[in-house]
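The values are calculated or read from the model by the stated rules, or taken from the named source; none is laboratory data. Just so it is clear, the model here is predicted, and its values are computed rather than measured. Every residue, glycine among them, receives a Cβ derived from its backbone with ideal geometry; neighbour counts consider all protein chains shown.
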Amino acid sequence: MPYRSTEVLSPGPADKAALHSVTLAHDERHLRRKLLHLENEDVVMLDLKQPVTLADGDLLVLEGGGYIRIKAADEALYEVRARDDVHLIELAWHLGNRHLTAAIEAGRILIARDPVICAMLEGLGATVGEVTEPFQPLRGAYHGGGHGHGSHGHGGHHHDHG
């Protein structure tokens, strides 16, 4: 019998033990209603009121008790490094200007592999290397989508003309 979940929890200091887990790539973690195949070959029907973006470590609360842990899948990425912090900000601006999905961290930016973007970044003086690791990109204003607890971000775009 499949499991059913209508609630998501972000892990807290007293992390709850999960019965099972499901591994998803970043583009598979923006969900509202979907049948998820667990690593033990069971299934869970995720049925949320609003779309959410699940993060590595989030917990699906099962009806009847228990939790399913979300795991971020390893993905083929570029690790972008800059000369200094200001250069990193400039590189992030160029990526954001192209509406590219990116994880911005201290000292580096992670993006999906794209040879054209790699050449552009190298042309801007970045050091670009290939890595394979979980990808937890920022969600921009155009993507909406909240995180955990069934929340939902408000999409949209604001320009200050004053």
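Would it be correct to say that Glu130 is acidic (Asp, Glu) and not assigned by TED's automatic domain parsing to the domain that holds Glu7?
The answer is yes for Glu130.
Of the conditions (1) at pLDDT below 95; (2) surrounded by 12 or more Cβ atoms within 10 Å (Cβ to Cβ); (3) over 30 Å from Leu35 (Cα atoms), Glu122 clears all except one; give me its number.
So Glu122 meets the others, but not (1).
Could you list, in sequence order, all residues of region 103-119 that are outside any strand (DSSP E or B) and surrounded by 16 or more Cβ atoms within 10 Å (Cβ to Cβ)?
Hits for region 103-119 are Ile117, Cys118.
Do we have His26 as of a type outside the set (Lys, Arg), at negative phi, outside the structural domain of Ala103 (by TED's automatic domain parsing) and free of Cβ contacts under 8 Å to residues at least 60 places away in the same chain here?
On the way: of a type outside the set (Lys, Arg): yes; at negative phi: yes; outside the structural domain of Ala103 (by TED's automatic domain parsing): yes; free of Cβ contacts under 8 Å to residues at least 60 places away in the same chain: no.
No: the conditions fail for His26.
Would you confirm whether any residue within region 69-78 is modelled with pLDDT of 90 or more and surrounded by fewer than 14 Cβ atoms within 10 Å (Cβ to Cβ)?
Yes, some residue in region 69-78 is modelled with pLDDT of 90 or more and surrounded by fewer than 14 Cβ atoms within 10 Å (Cβ to Cβ).
If the Cβ limit is 6 Å and pairs must be 6+ apart or interchain, which residue in region 94-111 that is closer than 17 Å to Thr132 by Cβ and in the same structural domain as Tyr78 (by TED's automatic domain parsing) pairs with which residue that is crowded, with 17+ Cβ neighbours inside 10 Å and among the β-branched types (Val, Ile, Thr)?
Final answer for the pair search is Ala102/Ile109; Ala102/Ile111; Ile109/Val80.
Within 27 Å of Pro115 (Cβ to Cβ) and of a type in the set (D, E, K, R): does that describe Asp74?
So Asp74 passes the test.
Of all strands (runs of 3 or more DSSP E) completely enclosed by region 3-102, which ones contain at least 2 residues that are over 22 Å from Leu124 (Cα atoms) and of a type in the set (Asp, Glu)? First the steps, then the outcome.
On the way: elements: 3-9, 20-24, 30-37, 43-53, 59-62, 67-72, 74-81.
In region 3-102, the matching strands (runs of 3 or more DSSP E) lie at 74-81.
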